[in-house]
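Inspection log for the structure reproduced underneath, given as structure tokens.
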Amino acid sequence: MAAKNTCLVCQIIDNSIPSKKIYEDEFVMAVLDVNGAVPGHCFIMPKKHYPIIEQVPDVEIGRLSLASNKISSAIFESLGAQGTNIFIANGIPAGQTVAHFTINVIPRRENDGVNLQWQPKQLNEEEISTIELKLKEQTKNIGHFEKEEKKPRAHAPKTMPLDEEEEEHFAAQMRRLP
């Protein structure tokens, strides 16, 4: 609990530090980055404290990814961005400055001065093969995801029978699907 009390991001989530909140639900919050690369740069974070991505449960990664996707779309629509960078700085050597997992969404325009380029490193065949084998061994169980606990449903919504006109409209729409 001590980390949560001193974590800058947790303090933003708890409203101890003011922020420009652009989205919030039960699990996720998104705010404008006050030190952003360009206007509209925001970050999306889980409301629970997780220092790095490896500690974030799979179901929460899904929620964070969905929120990042929707916020990227909102940036295109509302700010007229020509592109977005969506990235994670995972660990201090990767540029993470606060020990709370976040996803950055940065609006992009041509010649905006943001440089996320790097110089490609040429590896020889032996180096590539060694890395490939190491990664294959560590990733062989990918796809076995944690499941969210099922909560009991109160009532299933009652369906109303379609009248003839609605049924014809529905059938026409279904024929249009590839």
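Quick notes on this structure:
- Whole-percent pair-distance distribution, where bins are 5 Å wide, for the alpha carbons of the stretch 2-108: 2, 13, 24, 26, 21, 10, 3, 1, 0
- Exposure proxy order (Cβ contacts within 10 Å, fewest to most) of Tyr23, Tyr50: Tyr23, Tyr50
- Summary of packing: across the peptides 79-85, 115-121, 131-137, 96-102, the per-residue average of other C-beta atoms within 10 Å ranks them, highest first, as 96-102, 79-85, 131-137, 115-121.
Any read-out appearing in this document is the output of simple, stated calculations on the displayed coordinates, not a laboratory observation. Given the structure is predicted, the values throughout are model-derived calculations rather than measurements. Because the Cβ atoms are built from the backbone with ideal geometry, glycine has one as well, and the counts that use them run over all protein chains shown.
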